[in-house]
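Have a look at the structure below, then the notes.
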Amino acid sequence: MSAFGTASTGSSLSQECPCGSGKRYAMCCHRLHRGGALAETPEELMRSRYAAYALGDWDYIFRTWHPGTRPDDLGVAAPDPRLTWTGLEIEGSGLDDDTHGWVAFRASYRAPSGDGVLAEHSRFEVRAGRWLYVDGEIADD
């Protein structure tokens, strides 16, 4: 999710989760963000990372980024903080084997210059029993 920004500084636990699951945040990504559970699939990690970007939870983004591809300073990976993430659409996801997976998604946003969409095919890997984001290829829209 190399091009994500921050939408807001927080979310009520009773509000719908930003990841688009339709569940309340408290019953969805909050448990992952706060360390109460680990993502069980690449798609669950992708959704929780999108929610973390939307909420500005940089600690979670850092913890779930593979150390071999993660920037030393997430500030350099952060886009314009005036972005507001407005929706996530999962186009597909799957496993290549027991420790490698992928997610194709489209993330909608609102920026001062207008509305847009980030489309990416992300790669994930299990390391020390946890799914981590490795990298992604931005798709041409």
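The values are calculated or read from the model by the stated rules, or taken from the named source; none is laboratory data. Quick caveat, the model's predicted, so the values are computed rather than measured. We place every Cβ from the backbone using ideal geometry, glycine too, and count neighbours over all the protein chains shown.
Listed by first and then second residue, the pairs linking a residue in region 101-114 that is surrounded by fewer than 14 Cβ atoms within 10 Å (Cβ to Cβ) to a residue that is of a type outside the set (Gly, Ala, Ser) and not in a strand (DSSP E or B), with Cβ atoms under 7 Å apart and 6 or more places separating them unless they lie on different chains, are Ala111/Asp80; Ala111/Arg82; Ala111/Leu83; Pro112/Arg82. For region 6-42, enumerate the residues that are assigned to a helix (DSSP H, G or I) and either hydroxyl-bearing (Ser, Thr, Tyr) or at pLDDT 95 or above (or both). Answer for region 6-42, where residues must be assigned to a helix (DSSP H, G or I) and either hydroxyl-bearing (Ser, Thr, Tyr) or at pLDDT 95 or above (or both): Tyr25, Cys29, His30, Arg31, Leu32, His33, Pro42. When the criteria are applied in full, Arg70 fails the requirement of being modelled with pLDDT of 95 or more, basic (Lys, Arg), surrounded by 14 or more Cβ atoms within 10 Å (Cβ to Cβ) and under 14 Å from Leu132 (Cβ atoms). Return the residues of region 43-68 that are of a type in the set (Phe, Trp, Tyr) and either part of a loop (DSSP other than H, G, I, E, B) or touching a residue at least 24 places away in the same chain (Cβ under 8 Å) (or both); say none if nothing qualifies. Once the filter is applied, which keeps residues that are of a type in the set (Phe, Trp, Tyr) and either part of a loop (DSSP other than H, G, I, E, B) or touching a residue at least 24 places away in the same chain (Cβ under 8 Å) (or both), region 43-68 yields Tyr50, Tyr53, Tyr60, Trp65. Looking at region 98-106, can you tell me whether even one residue there is more than 19 Å from Ala139 (Cα to Cα) and either in a loop (DSSP other than H, G, I, E, B) or touching a His at 6+ places or on another chain (Cβ under 6 Å) (or both)? For region 98-106, residues more than 19 Å from Ala139 (Cα to Cα) and either in a loop (DSSP other than H, G, I, E, B) or touching a His at 6+ places or on another chain (Cβ under 6 Å) (or both): present.
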